[in-house]
Amino acid sequence: MNAHLRANLWLLGLTVLVCCVLYPLTLWAIGNGVFPDKAAGSLIVKDGKPVGSRLIAQPFNGPEYFQPRPSSPSYDASASGGSNYGANNPKLRARVAQALGPIVKYRSGPKKDQLAAKDIEEWFRKDLFQGQPHLVAQWAERYSFAAQAWVKADKLNSDFVSRWQAAHPKEVEEWVKKDPDSPEPKPEDLAVPFFVSYSQTYPGTWPGTVEKSANGKTEKRIEPVTEDPAIAQNFFDLWLQDHPGVELVEVPADLVMASGSGLDPHITLKNALYQLDRVVDAWADKTKADKVDIRKAIENLLNQKAEAPFGGIAGVKLINVLEVNLALPDVIKGLPQRAAGGGGPALSASP
């Protein structure tokens with residue numbers, strides 16, 4: 001019996017040594033010796049500081065940069081995952097519509113290749129959907145999940161709804177009667193009655209965030225506005241239903257659809273070219289350089305960075321958004337005949 005026990009202990013010790021020490025140590029040595037960059041997370045370093053990873057997408061601030069695919073976990077690498085919305089889920093339609101609203105363009109007619117966002121805002125100000133008034137109220141009732149998401153998206157929004165809640169006890173009481181299991185509703189619970197009340201009080205407007213300056217200080221507050229990116233985002237779907245004959249340019253799927261992980265760092269070259277007009281216009285406004293030169297320089301950059309998987313034998317051409325955006329300021333800075341003092345702005349990324 002002692003012999004069997006001794007043999008089992010030796011086997012256990014050898015297994016622990018090989019699997020828990022030697023094997024990981026060997027992989028660590030090979031990884032750091034042969035692939036040191038990949039083993040360290042494929043980090044990209046700029047001015048001596050890591051600014052991101054080639055393997056993980058991150059959002060960028062400013063219209064002068066290309067945007068990655070939408071992300072269900074908001075580009076949080078610790079929460080990788082997709083939304084798992086089915087094709088017939090209204091939440092998927094609403095999210096895609098929100099992404100399309102600010103970027104979709106006309107395919108034909110006198111406004112060909114122009115953005116539809118301004119027309120969506122003009123239609124919104126009329127405060128009618130299929131002939132019925134109180135557009136914002138109709139939107140909130142149809143897309144209650146989107147209305148709740150707006151309340152939860154920013155503390156400024158939730159505080160605004162909280163103040164409305166305190167000033168409208170009757171509406172809150174009616175809501176509690178319909179949902180007695182929630183006698184103390186949170187601001188997001190009251191999203192629909194809030195927007196219904198708001199729509200009646202401020203027709204044709206949206207509760208947008210504005211900045212006000214007083215006594216040398218700038219503060220943000222919610223006020224009724226008639227122009228706001230959120231209008232095109234939230235009301236594109238209703239606008240499209242009210243304009244069934246409108247012809248719009250089809251956008252690349254990866255421009256509005258998230259990846260399975262929500263962290264895919266690549267977009268298709270077709271996606272990047274769809275964003276090109278916005279990027280060129282933004283750089284032209286900042287640098288006062290010639291648009292033709294800017295477009296040519298950025299197109300050359302995209303073509304240089306574009307690569308298809310497996311050396312081009314499979315799939316479509318992709319670009320790494322972080323790598324391209326990091327190269328943009330240097331590419332623009334190298335253009336001839338730049339206006340004095342028109343240097344490119346520093347990269348502003350939110351990992």
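The values are calculated or read from the model by the stated rules, or taken from the named source; none is laboratory data. Treat the numbers as computed from the prediction; the structure is a model and nothing was measured. Neighbour counts run over all protein chains shown; Cβ positions are idealised from the backbone, glycine included. Just the protein is used for accessible areas: all its heavy atoms, side chains included, with ligands, DNA and RNA removed. Shrake-Rupley method; radii C 1.70, N 1.55, O 1.52, S 1.80 Å.
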| Taking region 137-170 as the region of interest, how many residues are open to solvent by less than 40 Å² (accessible area, probe 1.4 Å) and under 23 Å from the mean Cα position of the chain (by Cα)? | 9
| task | Report yes if some residue within region 18-34 is out of contact with any Phe, Trp or Tyr (no Cβ under 9 Å at 6 or more places or on another chain), farther than 30 Å from R278 by Cβ, assigned to a loop (DSSP other than H, G, I, E, B) and of a type in the set (A, V, I, L, M); otherwise report no. | result | no
| Among the residues of region 47-66, is any more than 30 Å from V280 (Cβ to Cβ) and open to solvent by less than 50 Å² (accessible area, probe 1.4 Å)? | no
| field | Candidates E184, E174, filtered to the one that is of a type outside the set (F, W, Y), open to solvent by 90 Å² or more (accessible area, probe 1.4 Å), over 18 Å from I231 (Cα atoms) and touching a residue at least 12 places away in the same chain (Cβ under 8 Å) | value | E174
| All positions within region 108-138 that are under 20 Å from F235 (Cβ atoms) and among the basic types (K, R) | K111, K118, R125, K126
| Residues in region 35-49: is at least one under 22 Å from the mean Cα position of the chain (by Cα) and of a type in the set (S, T, N, Q)? | no
| task | Go through (1) within 30 Å of E141 (Cα to Cα); (2) assigned to a loop (DSSP other than H, G, I, E, B); (3) touching a helix residue (DSSP H, G or I) at 6+ places or on another chain (Cβ under 7 Å); (4) touching a residue at least 12 places away in the same chain (Cβ under 8 Å) one by one and return the number of the condition Y85 breaks. | result | (4)
| query | Only one of (1) part of a helix (DSSP H, G or I); (2) open to solvent by less than 70 Å² (accessible area, probe 1.4 Å) is not met by G204, so which one is it? | reply | (1)
| note | Given the conditions (1) of a type outside the set (V, I, T); (2) closer than 27 Å to G81 by Cβ; (3) at pLDDT 95 or above, every one holds for G260 apart from (3)
| message | Given the criterion under 23 Å from K270 (Cα atoms), out of contact with any strand residue (DSSP E or B) (no Cβ under 8 Å at 6 or more places or on another chain) and open to solvent by 70 Å² or more (accessible area, probe 1.4 Å), identify the matching residue among R107, R93. | response | R93
| said: Among the numbered criteria (1) modelled with pLDDT of 70 or more; (2) closer than 20 Å to Q275 by Cβ; (3) out of contact with any Lys or Arg (no Cβ under 6 Å at 6 or more places or on another chain), which one does V324 miss? | reply: (3)
| Sole residue being among the hydrophobic types (A, V, I, L, M, F, W, C), assigned to a strand (DSSP E or B) and at pLDDT below 95, chosen from I103, I56, I44 | I44
| query | Which members of region 110-136 meet the condition of being closer than 17 Å to A94 by Cα and open to solvent by 100 Å² or more (accessible area, probe 1.4 Å)? | reply | none
